[in-house]
Amino acid sequence: MILSNFTFAQENISFKKLISKTNKYLEFYGEISIYGKNLYSFNEIGISKKDQKNILKNKKDYEFVVRDSIGKYDLILFLQKKIMYNLNRVVTNAEFGKNDITQLLNSSELDIIKSDDGKLYNFSIDEKTGGTYKSRVSLMHYTELNNSVQKEEDSMNAQKSKVYEVFDGDGFTGIFSIPTTEGTKYVLTKFVRGCSLCFLSGVMLVTYKNGIFQQDFSYSLVLRDWEEGVKYEPKTRMISVDYKTDDLTTDCNCKNYIESESNNNDQDYFQNVNQSNTFKCQCVFMFNGLNFELVKECKEKIIED
């Protein structure tokens, strides 16, 4: 999930204090367990008087708030919004580019992934929904926007707009830049655990064009085996796919999903096959200067003993 509802009152604050406040909210967030108690007192988790007043003033926006306490799920959502709100203020501050943000925001609750050219960032935290699906709350930031968007409120509006619409809300494991004749493109890798034995791996290629990020390439798989799937090698700019079919992915597929969607080729995109057959599948995509193209495709039926 990408949070974009930044509705807290504006205040002038130094970069150092922004970092301190963000780390404090991350600390509070880390103390809450989805499996723990259902009600927290404001004093017990250190919520400031100002935040308490804000919560009590807007009780109608919460499911369970009393004079000195707040329900677990309400508190989780409140802190998610405060963390993302403050993160957005951090990245749009003039001091952001002068510091190593991974050293300043060093909470174990926060994952920070930045591109190798230092321009595209992904910040994410555990959504704390419980269960085996490890969904995350995510915020994207592109430093080049700061060259044209100087006002903080305008940058927050960018979060609400379609600038970052193509990005998955569950965050990413790596971001890699590729210079091209069409400008810099970015390869983003992802890995998400969807259930006890459901693992999604994938790669996407995006370009910042006409004020928004656009997808040029997308490929992902959901498999039972976490060791198989989609891998990207930045040095060779090669995507390799290696897996055995299972009940989640029942056939070999080496299609760029963006092309499949644009061609409305649903029959090829979602293939119905006999699940009694198991196949070993391989795909290799190489970057051709503008996009990834398929250079190798193998499908081999596995003969069971």
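The values are calculated or read from the model by the stated rules, or taken from the named source; none is laboratory data. In this text, all values refer to a predicted model and were calculated from it rather than measured experimentally. We place every Cβ from the backbone using ideal geometry, glycine too, and count neighbours over all the protein chains shown. Each accessible area value is taken on the protein alone, full model and side chains, heavy atoms only, with ligands, DNA and RNA left out. Shrake-Rupley method; radii C 1.70, N 1.55, O 1.52, S 1.80 Å.
In this structure D242 has an accessible area near 60 Å², from a 1.4 Å probe over the protein heavy atoms. Round to the nearest 0.05 the FRET efficiency obtained for E95 and E144 when R0 = 25 Å and r is the Cβ-Cβ distance. Using R0 = 25 Å, I get an efficiency of 0.90.
Could you list, in their original order, any pairs among K82/K190; K21/K98; K98/K235; K16/K57 whose Cα atoms are separated by more than 23 Å? Present the calculation step by step, with values, prior to reporting the outcome.
Numbers: K82/K190 25 Å; K21/K98 19 Å; K98/K235 28 Å; K16/K57 28 Å.
Too far apart for the 23 Å limit: K82/K190; K98/K235; K16/K57.
At a probe radius of 1.4 angstrom, the accessible area of segment 182-239 per residue rounds to 44 square angstrom.
Per-residue 3J(HN,Hα) values for segment 186-195, derived from phi via the Karplus relation 6.51 cos²θ - 1.76 cosθ + 1.60 with θ = phi - 60°, read 10, 9, 10, 10, 9, 8, 9, 8, x, 7 Hz in sequence order (x marks Gly and Pro).
Among the protein heavy atoms, those of C198 account for about 20 Å² of accessible surface (1.4 Å probe, every chain in place). Give the calculated FRET efficiency between K53 and E165 to the nearest 0.05, with a Förster radius of 30 Å applied to their Cβ-Cβ distance. Step by step, r from the Cβ atoms, then E = 0.30.
Per atom type, segment 1-131 shows carbon and sulfur on 48% of its accessible surface, probed at 1.4 Å.
Legend: calculated FRET efficiency, E300 to Y133, from the Cβ-Cβ distance at R0 = 35 Å, rounded to 0.05, equals 0.65. A cut-off under 11 angstrom between Cβ atoms defines the neighbours of G194, and their net charge, with Lys, Arg +1 and Asp, Glu -1, is +2. With K and R counted +1 and D and E -1, the other residues having a Cβ less than 9 Å from that of T245 yield a net charge of -1.
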